[in-house]
Amino acid sequence: MTTALTSHPEPAMRRSRVNPKVLVGGLVVALPLLAVLVANLGRDPHSVRSPLIGRPAPAFSLVPVGGGAPVSLEKLSGKPVVINFWATWCVPCFEEHAALTAAARGLPDVQFLGVVYEDEEARTQEFLRQRPSAYPSLIDPEGKSAIAYGVFGVPETFFIDGSGRIVDKYVGPMTRSTIAALVGRAKEGAR
Amino acid sequence: MTPVAFALASILVLASAAQEVSPSAAPAAGIGAPKGLQLSGPELDKRTDDIGALLRCPVCQGLSVSDSPATMARNMKAEVREKLAKGYDQEQILAYFERSYGEFVRLQPPMRGVNWLVWFGPVAALIAGGAVIAWAMKRSPREPAGGGRQGGFAVPPASDLPSRDSVPTDPKLAAAVRRVRMLAYGWPQGVSPKAGS
């Protein structure tokens, strides 16, 4: 800053001379990075699109809570299936339970299934005794089905069409209208 | 039997029980027939840990399945162990998890497509940076003081630069400069001792 204090005229360096090559090179590197940053600003880094969408649903044969004959996916083919992964310790699951039960009662042509995720059978049984469900919930030993379906947490719900293909996956609690819209897509997929 | 061995044994027993309940889960979907050797004993433990270290625990923040204490990670590790015991090789097991969780589940991105950028981008950037520096140094060799261009900036000849003894013409500024010199250099009244001599 001594130049400002002296009587000497400002040297040429004060008038910034931008090297166009450096500017273009910098922009070429910086702009794509900036674009990636801006494009992903609002995105949850944990929300990964399921690679299973559009593919056949992983098969399973699981025993319902409280015992009984195993329920297997193959035996349900021909009918759209809604598989809801849930747990009693999951508050959003509790919120969505009523919507799912109501939807299952209103859509008899769709098979709703619950799969219990990382929970004890006794607690699940108690939960279902207090809040009866309109569809079976299945015990998933060692979370094998949760892994096969690529479950990250609960609630997560898979919509399967009549041919056994996963049409969509919904992460988080659903309302009746969400369920209806996604079931509609599963029904379309069956045609 | 140590507690660890007991835990592992019970995992195996549970795993086999689970298969009896769900026979449809037995042939692992989409990864074909086992390509490796059926492992057991310490080798099985070691390979389970190795492969667990390559898998991301989906419910954790940047932890591998081997490092995470989460139930999900334990379940995934049991699945890895079971598949190794059946003779599936590392790539088949990673592919099994990738089918359900996507490439996200691999902690080491496979060398394909844009992933080449992840593997070799930093090295390429380092080489490119070195090249730019080398080019810039070659283009503007350090010139002796006295003008010309240095590092891309135009430097006026030394004769144009104000000497440390000169002061601005503005009397107020001149007083300020002298005061700064007095404080900074300890020159009496801000005048260089050499100036008078």
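The values are calculated or read from the model by the stated rules, or taken from the named source; none is laboratory data. Keep in mind the model is a prediction, meaning the values are calculated, not measured. Here Cβ is always computed from backbone atoms with ideal geometry, including for glycine, and neighbour counts include all displayed protein chains.
For (1) part of a helix (DSSP H, G or I); (2) assigned by TED's automatic domain parsing to the domain that holds A:Val171; (3) farther than 21 Å from A:Val167 by Cα, each residue gets a yes or a no:
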position: A:Glu96; (1), (2), (3): yes, yes, no
position: A:Ala99; (1), (2), (3): yes, yes, no
position: A:Ala103; (1), (2), (3): yes, yes, no
position: A:Asp109; (1), (2), (3): no, yes, no
position: A:Val115; (1), (2), (3): no, yes, no
position: A:Glu118; (1), (2), (3): no, yes, yes
position: A:Glu126; (1), (2), (3): yes, yes, yes
position: A:Ser133; (1), (2), (3): no, yes, yes
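Using the structure shown, decide if A:Ala69 is surrounded by fewer than 16 Cβ atoms within 10 Å (Cβ to Cβ), in the same structural domain as A:Thr124 (by TED's automatic domain parsing) and in a loop (DSSP other than H, G, I, E, B). If you could, list the steps in order and put the result at the bottom.
Values: surrounded by fewer than 16 Cβ atoms within 10 Å (Cβ to Cβ): yes; in the same structural domain as A:Thr124 (by TED's automatic domain parsing): yes; in a loop (DSSP other than H, G, I, E, B): yes.
Spelling it out, A:Ala69 is indeed surrounded by fewer than 16 Cβ atoms within 10 Å (Cβ to Cβ), in the same structural domain as A:Thr124 (by TED's automatic domain parsing) and in a loop (DSSP other than H, G, I, E, B).
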Checked against (1) within 14 Å of chain A (Cβ to nearest Cβ); (2) assigned to a helix (DSSP H, G or I); (3) surrounded by 11 or more Cβ atoms within 10 Å (Cβ to Cβ), B:Lys46 satisfies every condition except (1)
Quick check: is even one residue across region B:88-102 under 24 Å from the mean Cα position of the chain (by Cα), under 21 Å from A:Asp44 (Cα atoms) and part of a loop (DSSP other than H, G, I, E, B)?
yes
Going through region B:78-122 in order, the residues found to be at the interface with another protein chain (Cβ under 9 Å from one of its Cβ atoms) and of a type in the set (A, V, I, L, M) are B:Ala78, B:Val105
Picking from A:Asp140, A:Asp119, A:Asp109, A:Asp168, the residue that is crowded, with 18+ Cβ neighbours inside 10 Å, of a type outside the set (Ser, Thr, Tyr) and away from every other protein chain (no Cβ under 14 Å) would be A:Asp168
Taking region A:24-83 and keeping residues farther than 22 Å from A:Ile166 by Cα and among the small types (Gly, Ala, Ser) leaves A:Gly25, A:Gly26, A:Ala30, A:Ala35, A:Ala39, A:Gly42, A:Gly66, A:Gly67, A:Gly68, A:Ala69
Per the filter on region A:75-93, residues without any contact (Cβ under 8 Å) to a residue 12 or more places away in the chain and either hydrophobic (A, V, I, L, M, F, W, C) or not assigned by TED's automatic domain parsing to the domain that holds A:Gly164 (or both) are A:Val91
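Those residues that are polar (S, T, N, Q), within 19 Å of the chain's Cα centre (by Cα) and assigned to a loop (DSSP other than H, G, I, E, B), I need them from region A:161-191; list them, please. Can you show your working first?
Within region A:161-191, the first condition is being polar (S, T, N, Q), and the residues that meet it are A:163, A:175, A:177-178.
So of that shortlist, the ones also within 19 Å of the chain's Cα centre (by Cα) come out as A:175, A:177-178.
Selection gives A:Thr175 alone.
Among what's in region B:57-74 and is surrounded by 21 or more Cβ atoms within 10 Å (Cβ to Cβ) and either within 13 Å of chain A (Cβ to nearest Cβ) or of a type outside the set (Ser, Thr, Tyr) (or both), pick the residue that is farthest from the chain's Cα centre (by Cα).
To start, the set of residues in region B:57-74 that are surrounded by 21 or more Cβ atoms within 10 Å (Cβ to Cβ) comprises B:57-58, B:65, B:68, B:72-73.
If we keep only those that are either within 13 Å of chain A (Cβ to nearest Cβ) or of a type outside the set (Ser, Thr, Tyr) (or both) as well, we get B:57-58, B:65, B:72-73.
Values: B:Cys57: 19, B:Pro58: 20, B:Val65: 19, B:Met72: 26, B:Ala73: 23 Å.
Out of the qualifying residues, it is B:Met72.
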The lone condition A:Ile147 fails out of (1) more than 14 Å from chain B (Cβ to nearest Cβ); (2) assigned to a helix (DSSP H, G or I); (3) under 30 Å from B:Phe104 (Cβ atoms) is (1)
Within region A:73-88, the residues that are within 23 Å of the chain's Cα centre (by Cα) and at the interface with chain B (Cβ under 10 Å from one of its Cβ atoms) are A:Leu73
Condition set out of contact with any helix residue (DSSP H, G or I) (no Cβ under 8 Å at 6 or more places or on another chain) and in a loop (DSSP other than H, G, I, E, B), scope region B:165-197, selection modelled with the highest pLDDT: answer is B:Asp170
Only unsatisfied item for A:Phe158, checking (1) in a loop (DSSP other than H, G, I, E, B); (2) within 14 Å of chain B (Cβ to nearest Cβ), is (1)
